[in-house]
Amino acid sequence: MADLTTSGPAPNLETASQAVADEKELARAARARRDRIARWVLPVLTMVLTILGWEYLVVANEIPHYILPRPSLVLETLVKDWPILSAALLVTLKITFGALAIAVVGGVGLAILFSMSKWVEMSFYPYAIILQVTPIIVIAPLIFIYVDSKIAGLLICAWIVAFFPILSNTTLGLNSADHNLRNLMELYGASERQTLWHLKLPSALPFFLGGLKIAGGLSLIGAIVAEFVAGTGGVGSGLAFRILEASYRLNIPRMFAAIILISFTGILIFAAMSLLSHLLLRKWHESALKREN
Amino acid sequence: MSLAAEAEISQAPLVSLRHIGKTFSNGTVALHDMSLDIQSGEFVSLLGPSGCGKSTVLRIIAGLGHATTGRMTWADGENGPAANAQDHHISFVFQEPTLMPWATVFGNVWLPLRLKGATKAEARDRVMEALAMVGLEAFETAYPRELSGGMKMRVSIARALVTQPRLLLMDEPFAALDEITRFKLNNDLLDLWQRFGFTVIFVTHSVFESVYLSNRIVVMAARPGRVVEDIPVNAPYPRGDEFRTSETYNAFCRTASESLHAAMAGSEDGHG
């Protein structure tokens, strides 16, 4: 395989002498090689073309920057306003990761509780669903009425959005431990705590990580939405507030710069969660295994 | 070892089942009035068609299920099913290897000792000894997915043997393996049984496997699950390829096969 990928088009003589019947294999390898390159080149190329087209459109039509700024101006603003934007980003990140941390602890904790007692699950699962299906944008104003601390309010909002996928996935994972392994645990006289630690939690890990991947993005969205609702400036104002502020002042380039920062943060969070998931599962789980075909 | 095992046979049975019945909550009668004595050191096969309750018997002996009626007595004087398989030094091998995919081969075999509080260092010697018994000491750091079906089953057997059980319960352990692997594992299992003198109750639906392995075949019938015949297989160990092709082997296969067919015909009459 390694030889095929590095040597380019294989010399005819060599292939003929080695294996004639492998023409299909070679074609498959060539296709895989093309796909590997295209996977990186195509999105980058599309992105570059989009940005160039955008730049051209704005310049050619003389569109004013308070309606649609050209990409180069957005980039300039990003650099120029970095002190303001980075401070705001830091605030948003703190809320995001704070909420994610509480979502992990709360989601996994509740899932363990649910898996240990069917009655608790029956009693409280509906509340989890209600919290999940009610749009955060309509709950957030209430939360800011009842909670004095703005930070606490933001954390609660982001947590409500983020915890459900972790709770639901982890519950599913804890309940999907192999029944023969459960029997084995029973046979060896394992305590409930030992069964949880040695069997249920490892079984739930892939499910939990799937939930974490979703929750990472959701906690960022939750934090931003809550900031929009909270809407006050001053100390501790995050990216959403900067976006609102810029829109009132028709500072559209800064809006774009802030939006790009948010998207970028979301991508980084997703990448980080995917990496974590890969590192934890690569040795044993089907999802992380590389196969020849 | 096998001499010692034979000497023990005359003593009180290791476990004795008296009039065991099992009815599931949906009304299915899985077992009806089953009585069975297992002598220490025996290799007993429970042979029967699917639905004859052979796995149910195994689970009741292991303490994974409770009998609806009847009594179970152990050699140490205790009655009833095992509250904890450890009490009676029982190990169980399932039809699937039932390994933890997130743990290495070592980690999987360590589990029974770990649950009793043995640290990795404390368990190391015994785990490696058990792995050596099944010829997998070189694979301690491998993950189950890296192993073939036969090797996974070996790990499962090593995990069962690491607790040095007196009674090994096996529920169609080789049914999913190819014939070549199965023959090899049959021989290795017999070798371990002769060396260590534990008792085996082996559930199978293969006449040939039961004759090759056991010194006693208990033929069971379905609907309701019951014992129809108890066939002693008086052929010397060690058994090898010569035994597989011998006249004695064929004769026992014929006897067991006829008994099994009679049992199945009887159930069909009773059922339909």
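The values are calculated or read from the model by the stated rules, or taken from the named source; none is laboratory data. Remember, predicted model here, so these are calculated numbers, not experimental data. Heads up, the Cβs are rebuilt from the backbone with ideal geometry, glycines too, and the neighbour counts pull from every protein chain shown. When the accessible area is computed, the model is the full protein with side chains, heavy atoms only, and any ligands, DNA or RNA have been set aside. Shrake-Rupley method; radii C 1.70, N 1.55, O 1.52, S 1.80 Å.
Of all residues in the stretch A:112-144, those being open to solvent by 40 Å² or more (accessible area, probe 1.4 Å) and within 18 Å of A:GLY222 (Cβ to Cβ) number 13.
Scanning the stretch B:207-227 for residues that are open to solvent by 20 Å² or more (accessible area, probe 1.4 Å) and either in contact (Cβ under 8 Å) with a residue 60 or more places away in the chain or outside the structural domain of B:PHE252 (by TED's automatic domain parsing) (or both) returns B:ASN215, B:ARG216, B:ARG223, B:PRO224, B:ARG226, B:VAL227.
Checking each residue in the stretch A:262-284 for being in a helix (DSSP H, G or I) and either within 14 Å of chain B (Cβ to nearest Cβ) or touching a strand residue (DSSP E or B) at 6+ places or on another chain (Cβ under 9 Å) (or both) picks out A:SER277, A:LEU279, A:LEU280, A:LEU281.
Here A:TRP54, A:TRP119 are screened, and the one residue that is touching a helix residue (DSSP H, G or I) at 6+ places or on another chain (Cβ under 9 Å), in a helix (DSSP H, G or I) and farther than 28 Å from A:ALA226 by Cβ is A:TRP54. If only one of B:ALA251, B:ALA235 is more than 18 Å from the chain's Cα centre (by Cα) and open to solvent by less than 20 Å² (accessible area, probe 1.4 Å), which one is it? One residue alone meets the criteria, B:ALA235.
Within the stretch A:174-190, can you find the residues that are more than 8 Å from chain B (Cβ to nearest Cβ), free of Cβ contacts under 8 Å to residues at least 40 places away in the same chain and open to solvent by less than 50 Å² (accessible area, probe 1.4 Å)?
If we filter the stretch A:174-190 for residues that are more than 8 Å from chain B (Cβ to nearest Cβ), which is where we start, we get A:174-177, A:179, A:182.
With free of Cβ contacts under 8 Å to residues at least 40 places away in the same chain added as a condition, the list becomes A:176-177, A:179, A:182.
Result: A:ALA177, single match.
Restricting the search to helices (runs of 4 or more DSSP H) fully inside the stretch A:175-261 and requiring at least 2 residues that are closer than 28 Å to A:ALA271 by Cα and hydrophobic (A, V, I, L, M, F, W, C) gives A:201-230, A:239-248. Candidates are the residues of the stretch A:197-224 that are open to solvent by 30 Å² or more (accessible area, probe 1.4 Å) and of a type in the set (A, V, I, L, M); the one that is nearest to the other protein chains (Cβ to nearest Cβ) is A:LEU205. Looking across A:LEU85, A:LEU93, one residue alone is touching a residue at least 24 places away in the same chain (Cβ under 8 Å), part of a helix (DSSP H, G or I) and open to solvent by 40 Å² or more (accessible area, probe 1.4 Å). It is A:LEU93.
Candidates in the stretch A:225-268 are the residues that are under 24 Å from A:VAL105 (Cβ atoms) and not small (Gly, Ala, Ser); of these, the one that is most open to solvent (accessible area, probe 1.4 Å) is A:LEU268. The strands (runs of 3 or more DSSP E) found entirely in the stretch B:1-99 that carry 2 or more residues being at pLDDT 85 or above and open to solvent by less than 10 Å² (accessible area, probe 1.4 Å) are B:15-23, B:29-38, B:43-47, B:90-93.
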